[in-house]
Every structure is written in structure tokens, then in C-alpha cells.
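The structure appears right after this line, and notes come after that.
The values are calculated or read from the model by the stated rules, or taken from the named source; none is laboratory data. These figures come from a predicted structure and were not determined experimentally. Here Cβ is always computed from backbone atoms with ideal geometry, including for glycine, and neighbour counts include all displayed protein chains. Side chains included, ligands, DNA and RNA excluded: accessible areas come from the protein's heavy atoms. Shrake-Rupley method; radii C 1.70, N 1.55, O 1.52, S 1.80 Å.
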Amino acid sequence: MRNNSQQSLNLENEISPTNVSKSKEHAIPIKQLSVPPHESAVTPKINKIYSRAQKGYFQRLRTGLNSLLVILFFALPLIQYQGRQAVLFDLEEQNFFFFGTTLWPQDFTLLAWIFITAAFLLFFITTFLGRVWCGYLCPQTAWTFMFVWIENKIEGHQNKRRSLDKAPWNRNKIIKRVSKHLIWGVIGLLTGCGFIAYFVPAQTLYPQIFSFNASFLLTAWVWFFAICTYVNASLMREMVCLHLCPYARFQSSMFDANTITVSYDAARGESRGPRKRKHETDLGDCVDCNLCVDVCPTGIDIRNGLQYECINCGACVDACNQTMDKFNYPKNLIGYHSENDLAGKKNAPLKSLKFSGYGLCILIMLGVIAADISLKKDIQLNVLRDRMSLYRETLDDKIENSFTLKIRNKTQMEKVYQINVTGDLDYRLNGNKLVTVKAGEQLSHPITVITDSASYKKVAGAPTRSIRTRRAKINFTILDVNLVSNQVSQESNFFTP
């Protein structure tokens, strides 16, 4: 009880008004912030980005590459080759046509190797040039800049767009908004048709869609991708790059000191600040014009250092270079630099384990693709035995076996094939040795193979397992009469008494 009383006395002394007042003298000051009633403290408000239109070398390069990408996207399904669509994933026939090459499901390992090689190539380029894919070749970037260009033409530059958003609804605002979204919707619909045209022949797709004669399933898929295009490029835009694209999250693991990416030269630019032209100053080269932020499609300040939001589009580089020209300063205060460049060291990408490793993986995968292509056959053969009878003996002392040959022509041209048989016995075919198979079709060809009893008895005593078990080996070979090197073989069994 005495101990408890002593503890209570000590506690009272600790929290006495005198002690509290003394502790307040050394406490960290606290400022109470009030939250407006119309804003939530849990869900932060996402500000809309009004990016400024920018011109310059890198923007011309990006626009050219984006335009080429969009043109190829729409044009490839319209190209005809050898009487059919040049590039087509035919889901109904389960094959892939790429100009003169046809890939069937059993050949899709080749597509897998190509996709793996493309992934390593992306990693290789990222290690060398950073996120340049996102800025110059990514479809999300191409379509987003296309939609922004249309928005600029209809609603004006960024300040006019900001004012239009704040303005009350009137006739002028309604006309501009309806026109903009209508054009966006048409582009989205064309994009949906363009994508589905890789799976459904374009010559039948476009007339059916625009004449409203397409099936429900086909229409649904076209409108699904049209809506996805519209939402991604008009409403979400940079949100796709910031929050949905996984590439933005793991790209940093590929960077090293030799990676060339959009960077700000802080040693040259700081301390930043405004100044008059042709006036000497102790400040750095950065005039703090903030144009690098205004033109950024993701709304970041590259002067704060490397950020995963940066897509390496080079808009801030062009904007900064124009400002440097006006002040007669050297260009590339913001430019494509590596960490070694900014530190005054020499780039040595070949000494980077990542760069060399990804390059080696690409070479290995190219070898795998070359081997797969060299082993790829344009003829597919499957030999099926007659299960009703193992063999037949004829009156003229011969032995017959019946087979069904499944011959598939994997090319896009009609072919004439010759059938040959070889093996342990002296075989010959009963019937025509030449068959004609149309492009992309499979022919079921029944065939009878004959051998003389004398031939069987001649080798009957041979110490081979096939003869002791009353089976002899037979090999079927199908070859193209116009290209003898194009042939395929399969082994089977020939049964005897």
C-alpha cells in the first residue's frame, strides 16, 4: 500500500500544472488544419492536367513515329496477298496468316519465341534508352496525343480549355463539347474495327459494321474496343500510364548509371530563378519558367529528379531548349542524359551486366527462332492404320495392309504431293501415288500397301524384333513434286502372318 501511495504521489507531481507548463515550453508547435466541408480528407482530389502544346525536334520525331504506328495499324488488315488478307488471325480456321506464311496451332511455339524475344528487346532498349518505348511507340501515347490534338483544335490551348471547363453551359460550350466527343467516338469506333479486322477479314467486317448487318457477337466486340479506346485516350489518359501500366512500376529495376533518360542537370541549373535577358547573374541556367511542367503530359516536374511517371516523350526537352535559345544559353539543361553524363563520366553500356545479359538473351532467342523456322514443315502428315484388320492375304500370295493418310497443306497455295513408302520389306502402293491438296486443307487419303509373301519369307529369319513379333517397319514420305526438299515422313508398322 505504501508503494502504491508513493507511485500515485509521483504521478501527481508529473502531471501537475507547473510541470505541464514547463513541458509546453519544449514541445513541437502544432498547427490545426481545417478541411473544407466539400472536400474529403480520405479521398484526395485529382487535378485535371492541361498540358501545353509543344513543338520541337523530339515532338516532330514522336509525331512521325506515332503517325506511322497508326497508319500501319489501320493499313495492315487492308493489304491483300495471294488472294487473301495478308495479316489475319483466323480464329474460325485456327491459323495465323502473315503474308506468305501460315502458322497453325502446332506452330504457335514460334509466336511464343517471337513474343519472348520482343520482351527481351524491350528490356534491352530500356536499359540503354530508358522508357523511350512509352514516349514514342506506345499505342496509349499515340492515341492520347491524337485525342489531345483534336481537343486543342476544337477548344483551344490549355488556358482556353481551363476557362471553358469553368464557364457555365451555353451554346458555344455545348457545340464544342459535342463536336469533340463525337470525333473522339468516331475514332474509337474506327479503332475498334481496326483491331477486330486482325481477327475477322476486313473486307467483310467494315461493310457489315457500318451497314448494321453484323452479328451481335461481332458488333459487341467492336464496340467493346471502341469504348476502351475512347475511355483510355479521352478520360483516363495519363492515369493509364501512372496507375494501370505495370511497365512504369518495374522499369527502374532495368536502369543503371549508363541508362540514357530525360534528366535535369541540377549542377548547371541551380540555383534557379527568373532574370532578364542579356543580364549577368549568379544564378544557374534554369530561369524557372515552369514550361517543362506545363508541357508534360503526366504533369510532373522533371527538375525534382527521375520519376516513374516520366514517359520520356521529350516535350520538356524541347520546351527547355527553346528557353535556352532565347537566353543564349547552351541547350540540354533538360535533355537525354545518363547518370554518368551528369557526373562527368564516360558512358560504358557494354560493361553493364544488364545490357550485356539482355543482349545475350536476344541472340539466344533469335537462334531459337531460326532453328524453329528451319524445322518448320509446310506439310503435316498423320498415318492411321485400319483397325478392322491387321492384314489381308490375297489369292495371288500377297499381303496387304490398309492405312489412312491425313495430309494437310499448310501453305496458301494448292499443292501436288507424291507418296512414297520404304521399310524392312519390298513395299508398293496400290493406287495413285499423286494427290492434290488445296491451300490450307487436310485430305484424308485411304491407301493400301502390298508386299509379296516371298519378300516376307526372305527376311523372316532375320534376327530383328519386328519380324519375330510379325511386324515390319514401314516409312511413309510425302513430298512436294515442285519442291523436293519440302517433304515430311512418318513411321508405322506393317503386319504380316
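Descriptive notes on the structure:
- Angle of helix 353-375 to the longest C-alpha principal axis of the chain, folded into 0 to 90 degrees and rounded to 10: 20°.
- Fully extended contour minus Cα-Cα distance, from ALA167 to LYS278, at 0.36 nm per residue: 35.9 nm
- Two-site label geometry, ASN159 and ASP396: point separation in nm, points 7 Å out along Cα→Cβ: 10.2
- Anchor LYS48: aspartates and glutamates whose Cα lies under 12 Å away (excluding residues fewer than 8 positions away in-chain): ASP165, GLU238
- Segment 242-371, accessible area per residue, ligands and nucleic acids excluded (1.4 Å, Å²): 53
- Neighbours of TYR57 by Cβ distance under 15 Å: Lys/Arg scored +1, Asp/Glu scored -1, total +2.
- Over 25 Å between alpha carbons, listed pairs LYS406/LYS473; LYS376/LYS406; LYS377/LYS438: none
- Aspartates and glutamates with Cα under 20 Å of LYS160, excluding same-chain neighbours fewer than 8 positions away: GLU151, ASP294
- Gyration tensor verdict on segment 69-153 (Cα atoms; rounded if a/c is under 1.5, prolate if a/b is larger than b/c, oblate otherwise): oblate
- Segment 56-201: C-alpha gyration tensor shape, a/c 1.5 cut-off, then a/b vs b/c: oblate
- Mean ellipticity per residue at 222 nm, deg cm²/dmol - from DSSP H runs of n ≥ 4 across the chain, formula -39500 (n - 2.57): -12500 deg cm²/dmol
- Spin-label model, LEU353/ILE373: points 7 Å from Cα along the beta carbon direction are separated by 3.3 nm.
- Computed from label points 7 Å out along Cα-Cβ, the spacing between ARG268 and LEU429 is 7.5 nm.
- Prolate/oblate/rounded label for segment 242-309 (Cα gyration tensor, a/c 1.5): oblate
- Charge dipole (debye, nearest 20) of segment 373-431; +1 at Cβ of Lys and Arg, -1 at Cβ of Asp and Glu: 540
- Accessible-area composition of the chain, carbon plus sulfur, in percent [1.4 Å probe]: 60
- Gain in span if fully extended, VAL178 to LEU217, counting 0.36 nm per residue against the direct Cα distance: 11.2 nm
- Overall, the chain carries a charge dipole of about 820 debye about its Cα centre when +1 sits on the Cβ of Lys and Arg and -1 on the Cβ of Asp and Glu, all other atoms neutral.
- Cβ crowding within 10 Å averaged over residues, with 384-397, 313-326 ranked highest first: 313-326, 384-397
- Cross-link pairs beyond the 28 Å C-alpha cut-off, checked among LYS55/LYS180; LYS55/LYS351; LYS166/LYS326: LYS55/LYS351; LYS166/LYS326
- The angle between the Cα long axis of helix 315-326 and the longest principal axis of the Cα atoms of the chain comes to about 50 degrees, rounded to the nearest 10.
- Protection proxy ranking of 302-312, 256-266, 63-73 - average other beta-carbon atoms within 10 Å, highest first: 256-266, 302-312, 63-73
- Dipole check for segment 128-266: with +1 at the C-beta of Lys and Arg, -1 at the C-beta of Asp and Glu, and the Cα centre as origin, the magnitude is about 700 Debye.
- Charge tally around GLY344: other residues with Cβ under 12 Å, Lys/Arg +1 each, Asp/Glu -1 each, net 0.
- Per-pair calculated FRET efficiency, R0 = 41 Å: ASP386 and LEU363 via Cβ, rounded to 0.05: 0.25
- For segment 387-397, putting each phi into the Karplus relation 6.51 cos²θ - 1.76 cosθ + 1.60 with θ = phi - 60° gives couplings of 7, 6, 8, 6, 7, 9, 9, 8, 5, 8, 6 Hz, in residue order, rounded to whole numbers and with x for Gly and Pro.
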